[in-house]
1. Take ALA177 and tell me if it is over 18 Å from ALA45 (Cα atoms), open to solvent by 20 Å² or more (accessible area, probe 1.4 Å) and part of a helix (DSSP H, G or I).
2. Tell me which residues, restricted to the range 68-95, are surrounded by 18 or more Cβ atoms within 10 Å (Cβ to Cβ), among the aliphatic types (A, V, I, L, M) and touching a helix residue (DSSP H, G or I) at 6+ places or on another chain (Cβ under 8 Å).
3. For the range 103-173, list the strands (runs of 3 or more DSSP E) that sit wholly inside it and hold at least 2 residues that are charged (D, E, K, R) and touching a His at 6+ places or on another chain (Cβ under 6 Å); which are they?
4. I'd like the residue in the range 126-149 that is out of contact with any Ser or Thr (no Cβ under 8 Å at 6 or more places or on another chain) and not aliphatic (A, V, I, L, M) and, out of all such residues, is least open to solvent (accessible area, probe 1.4 Å).
5. Among the residues of the range 142-163, which ones are more than 17 Å from LEU25 (Cα to Cα) and hydroxyl-bearing (Ser, Thr, Tyr)?
6. Pairs please, first residue from the range 88-114 and farther than 10 Å from ALA72 by Cα and among the polar types (S, T, N, Q), second anywhere and open to solvent by 50 Å² or more (accessible area, probe 1.4 Å) and at pLDDT below 85, Cβ atoms under 9 Å, 6+ apart in sequence or on different chains.
7. Among the numbered criteria (1) over 21 Å from ALA14 (Cβ atoms); (2) acidic (Asp, Glu); (3) touching a residue at least 40 places away in the same chain (Cβ under 8 Å), which single criterion is violated by ASP154?
8. Just for the range 40-94: of the residues that are in a helix (DSSP H, G or I), touching a Ser or Thr at 6+ places or on another chain (Cβ under 6 Å) and of a type outside the set (A, V, I, L, M, F, W, C), which one is modelled with the lowest pLDDT?
Amino acid sequence: TSRFRLQISVGNSAELTESFDAGRLDVVISRRVAPTGDSIHEVRAEKLYSERTVVVCSYANSKVNRRRVSIAELTSLPWILPRRGSYSRDVMDAIVSLAGQMPVVPVIESNQFESSLWVVATSGFLSIAPELAARRLEGLRLIRSVATTPSLGDSPLMLQYRPRQLANPEFERFLEAIRNAASNLRKVRRLKPAA
């Protein structure tokens, strides 16, 4: 049998797509389907589940009302946002643009949702995060999700790989572990199932 070695790389959707397209990654789990160009026919893509992106603020933030607010109303407040190229940042920028506003210029750019959420919990910053990442700190009443108009919506989390990887029997077991983990997350978190 062939050797199977696991190495994990973390990045935004644009970075992961570029690395996958260039052959530096064998598997990508992201919110954006990779790659582009002619090689798209050499890729299998499976939807694992869908998850909402939410706007968050500290639980006690008095500048953000608990009622539904438009994203345009929030653009003047200080933000922590992922770098451009991430799926959620691109969605946020598009919504702000459609509202006729200039894009939000964040005080901090960070692709580490967990770190951003902890900063939000202890400051006046707003941020965006996958709902699943925000729930834990919401449960501790450190942050809260902000009901926005429009919402940032749901996006699919996609598993992508090249079929040639299936020649390694260990790779199939690895894919099955990913699928099982996604299934367990859907059950526990009531996320939308793969279609």
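1. On the way: over 18 Å from ALA45 (Cα atoms): no; open to solvent by 20 Å² or more (accessible area, probe 1.4 Å): yes; part of a helix (DSSP H, G or I): yes.
Against the criterion (over 18 Å from ALA45 (Cα atoms), open to solvent by 20 Å² or more (accessible area, probe 1.4 Å) and part of a helix (DSSP H, G or I)), ALA177 does not qualify.
2. Selection gives ILE71, ILE80, LEU81, MET92, ILE95.
3. Details: elements: 126-130, 143-146, 154-161.
Qualifying strands (runs of 3 or more DSSP E): none found.
4. Here is the first cut: in the range 126-149, the residues out of contact with any Ser or Thr (no Cβ under 8 Å at 6 or more places or on another chain) are 126, 132-133, 135-137, 139-141, 145-147.
With not aliphatic (A, V, I, L, M) added as a condition, the list becomes 135-136, 139, 141, 145.
Details: ARG135: 71, ARG136: 138, GLY139: 65, ARG141: 156, SER145: 40 Å².
This residue is SER145.
5. Scanning the range 142-163 gives SER145, THR148, THR149, SER151, SER155.
6. Qualifying pairs under 9 Å: ASN111/VAL10; ASN111/GLU15; GLN112/VAL10.
7. (1) is the only condition that ASP154 fails.
8. Only one residue fits best here, namely TYR87.
The values are calculated or read from the model by the stated rules, or taken from the named source; none is laboratory data. Computed from a predicted model, the values in this text were never measured in an experiment. For neighbour counting, all protein chains shown are included, and Cβ atoms are generated from backbone atoms with ideal geometry for every residue, glycine included. Surface areas here come from the heavy atoms of the whole protein model, side chains and all, with no ligands, DNA or RNA. Shrake-Rupley method; radii C 1.70, N 1.55, O 1.52, S 1.80 Å.
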